[in-house]
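Here is the structure we will look at.
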Amino acid sequence: MNYIVTQIAKPKEIKVSQMQSATVGSVDDAMDVYVKNAIVCLASAKVYNPDAVCILNCNFSISPERRNTAELAGIEIHEVPYGKYVIKEEHKWAITQYKFDSMAHVLDIMKDNDHLVLLDTDTICVRGLQEIFAEAKDGLLLYNVCHGYQQRDRQSIIHAYEKLYFLRNTHPVHYGGEFFAGSKVTLQKLLGYCEEVIQKAKEEEEVFIWDDEHILSIAAEHFMKGYIYSANAYIFRYWTNKFYLVSTNYRYNPVCIWHLPAEKNYGMIILYEYFVKHHHFPSIEKMASIMGFPKQTYKKWNLYRWKMRLRNKWKCLLK
């Protein structure tokens with residue numbers, strides 16, 4: 001059996017900018033946005049993977065309206081307590097460590113030959129995940145966000161890793177928390193290693209900017225380096241705001257999963273409302289337009305290329 005899972009933990013207060021917008025005035029408002037995102041994530045996964053078990057884990061009660069929408073889409077809702085894997089509550093991104101509570105819960109109900117894809121709520125599946133599950137039989141799939149050695153977030157992970165394990169001049173890769181996949185056996189090992197990293201971090205007096213990506217990246221570097229497959233062929237992190245980093249890989253050499261961190265309050269809500277109204281999602285092209293992706297057509301007219309072509313033709317004629 002294949003499992004596709006996402007999770008939402010309700011914090012006591014809003015600490016992070018991704019939960020804030022003009023339409024979000026309270027924690028309850030933020031949770032409603034995240035629930036809508038989660039339904040889009042799992043409903044789209046169910047469309048392309050109808051035989052997969054799709055689960056939304058949360059630590060609070062979802063409204064009857066949202067629950068009904070989720071269940072009609074074939075999504076199971078499980079209430080899972082939050083807090084077992086938290087390092088320090090004062091960390092800005094402590095709430096992201098709910099991912100490990102969610103993971104532990106699903107591993108408990110999986111069988112030994114089952115496989116799991118765990119996603120963030122702000123993702124949408126646009127193709128079947130059969131290739132991911134096939135690779136997950138033999139190793140751990142993680143998404144390398146391709147940050148250079150001096151990039152701020154990766155430096156934070158490097159600093160934390162060296163501090164915890166008394167090392168110098170290390171080069172751990174920054175793996176994104178929006179995706180990982182593997183068999184039950186592989187992910188049980190990963191969870192155990194993540195728990196060890198968490199326990200070591202709890203004993204460290206210096207306060208880090210800890211989130212799930214710190215834990216995941218350090219555990220992968222220290223314990224599982226030889227077992228990791230790149231998930232970059234399957235998922236891409238699109239930034240669609242002032243910081244604009246987008247690819248045409250939604251169309252050419254296409255990925256299966258779009259991660260849309262800047263669309264929580266915008267594009268993902270549009271897709272939720274579309275799904276509620278029509279009971280299906282729009283075409284890939286229309287979704288790409290909603291998210292502000294670049295057009296997939298090549299711009300044939302280019303003055304500099306035109307001049308170069310003329311020059312090359314002229315050289316050929318003179319030979």
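Every read-out reported here was derived from the displayed coordinates using simple, explicitly stated rules and does not represent laboratory data. Predicted model only: the values in this text are computed from it and were never measured. When we count neighbours, we look across all protein chains shown, and the Cβ atoms used for this are built from the backbone with ideal geometry, even at glycine.
The table below gives the values:
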quantity: Rounded Å value of the spacing that divides the Cα centres of region 247-283 and region 172-206; calculated: 29
quantity: Derived scalar couplings ³J(HN,Hα) [region 301-311; Karplus, 6.51 cos²θ - 1.76 cosθ + 1.60; whole Hz; x for Gly, Pro]; calculated: 7, 8, 4, 5, 5, 4, 5, 5, 4, 4, 5
quantity: Cβ-Cβ FRET estimate between LYS92 and TYR149, R0 fixed at 30 Å, reported to 0.05; calculated: 0.80
quantity: Dipole magnitude of the chain about its Cα centre (Cβ charges: Lys, Arg +1; Asp, Glu -1), debye to nearest 20; calculated: 2620
quantity: Helix-only [θ]222 nm of the chain, DSSP H runs n ≥ 4, -39500 (n - 2.57) each, per residue, nearest 500; calculated: -13000 deg cm²/dmol
quantity: Considering only region 1-148, percent of DSSP beta bridges that pair antiparallel, nearest 5; calculated: 5
quantity: Among the listed pairs LYS137/LYS295; LYS92/LYS137; LYS225/LYS264; LYS46/LYS111; LYS242/LYS299; LYS99/LYS242, those beyond 30 Å (Cα-Cα); calculated: LYS137/LYS295; LYS92/LYS137; LYS225/LYS264
quantity: Selected from LEU187, ASN265, VAL53, residue furthest toward positive end of dipole (the chain; charges at beta carbon); calculated: ASN265
quantity: Folded to 0 to 90 degrees: helix 267-278 orientation relative to the chain principal axis, Cα; calculated: 80
quantity: On Cα atoms only, tilt of 152-165 relative to the major axis of the chain in degrees; calculated: 40
quantity: Top of ILE75, ILE132, ILE284 by mean-square fluctuation, Gaussian network on the chain, Cα under 10 Å; calculated: ILE284
quantity: DSSP-defined antiparallel bridges as percent of all bridges, the chain, nearest 5; calculated: 40
quantity: Table column - 3J(HN,Hα) (Hz), region 225-237, Karplus curve with 6.51, -1.76, 1.60, x for Gly and Pro; calculated: 4, x, 10, 9, 9, 6, 9, 5, 6, 10, 9, 9, 9
